Each structure stands twice: as structure tokens, then as C-alpha cells.
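Accompanying notes for the structure given below.
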Amino acid sequence: MSDESGKIPAEPARRTPGHEQVTERLGRSVAHIDLEAEIELLRGEATYHRVGRNGKTLVKRPDFRVVLTALRGGTRVAEHVAPGPLTVQAVRGRIRMHVPGGEVELGPGHLLALERNERHDVEALEDSVFLLTIAWPEGG
């Protein structure tokens, strides 16, 4: 499964008959995900073009989730809270988050961390993609 260098290449994202994206699963505890391929799939789907937003849970474990979200410029995710601490990492474009105490703009390479139950929203200032990681509460 690895190449000559010992690295495990990501399997290209693709659609299964049930319309689920597939990434390479390396045993029960490891998944190697090609973010660029996943982004292109999200941005190519009708949902993204119809509502300006599309997302996919890339990793779902009992104690955390990793969600890739694509937003068209001008799209807003309404104010909400998460049940656990979270991080938002901008991958493409620019987003603005309204958080307790003000607002924060994130561009590629920027990361924001919030405690659980902190109210926040997300606004795409341009076509954008971000990774959301949520630490899931025990028993959640």
C-alpha cells in the first residue's frame, strides 16, 4: 500500500453509487484524505451551487469530528454553538467569524479555537473553504 519512499498515497476522492465520497481507509484507525480532491467535489455539487454551501464529515470518531465546508462568497452560516471545543482553519478564501468579544477574519493558514458552547457564526467574504474540528463531549 505504500510507495518506495514508505509514504502512503491518498486515494483520489470519488463517488460511490450511494453518492458518498470515499477516501483511503488504512485500517480502523487511520484515514488519508486528499483535501484538494474533496474540495473540488464539494464545490462541484448541485448543493453548493444552489444554496452556496456544502460540507462533508471527513472524520467521525466518538471523541471528535473533522468537517470540510465550502462556502460561496457572501454565504453565511447562522449563529450557533457547538457541544465541544472546536477549531476552524481556513484552507481557501477568507471568512469572518463573529465570536464573543468581536469578529475575526481568517485566511489560508489561520486557525481560530473556541471553547464549547461559545456562540459564533461564519461569513464567507469570498469563495472559501475551511476545516472544522470539534472535540465531542464524552457520551455525545
Worksheet, complete the sentence: Residue pairs qualifying under the 7 Å Cβ cut-off, at least six apart or on distinct chains, with the first in region 70-82 being under 11 Å from Arg119 (Cβ atoms) and the second being open to solvent by 20 Å² or more (accessible area, probe 1.4 Å) and of a type in the set (D, E, K, R), are Glu79/Arg119; Val81/Glu118; Val81/Arg119; Ala82/Arg116
Fill in: Gly84 being assigned to a loop (DSSP other than H, G, I, E, B), small (Gly, Ala, Ser) and surrounded by 15 or more Cβ atoms within 10 Å (Cβ to Cβ)
yes
Discussion item. Can you find a residue that is surrounded by 17 or more Cβ atoms within 10 Å (Cβ to Cβ), in a loop (DSSP other than H, G, I, E, B) and of a type outside the set (S, T, N, Q) anywhere in region 109-127?
Written reply: yes
Worksheet item: Taking interchain pairs and intrachain pairs at least six residues apart, which have beta carbon atoms under 9 angstrom, with the first residue in region 101-129 and farther than 24 Å from Arg43 by Cβ and the second in a strand (DSSP E or B) and open to solvent by 70 Å² or more (accessible area, probe 1.4 Å)?
Response: Arg119/Glu79
Discussion item. Looking at region 34-53 only, could you name the residues that are hydrophobic (A, V, I, L, M, F, W, C), under 21 Å from Pro108 (Cβ atoms) and open to solvent by 40 Å² or more (accessible area, probe 1.4 Å)?
Written reply: Leu35, Leu41
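The values are calculated or read from the model by the stated rules, or taken from the named source; none is laboratory data. These figures come from a predicted structure and were not determined experimentally. Backbone-built Cβ (ideal geometry, glycine too); neighbour counts: all protein chains shown. Side chains included, ligands, DNA and RNA excluded: accessible areas come from the protein's heavy atoms. Shrake-Rupley method; radii C 1.70, N 1.55, O 1.52, S 1.80 Å.
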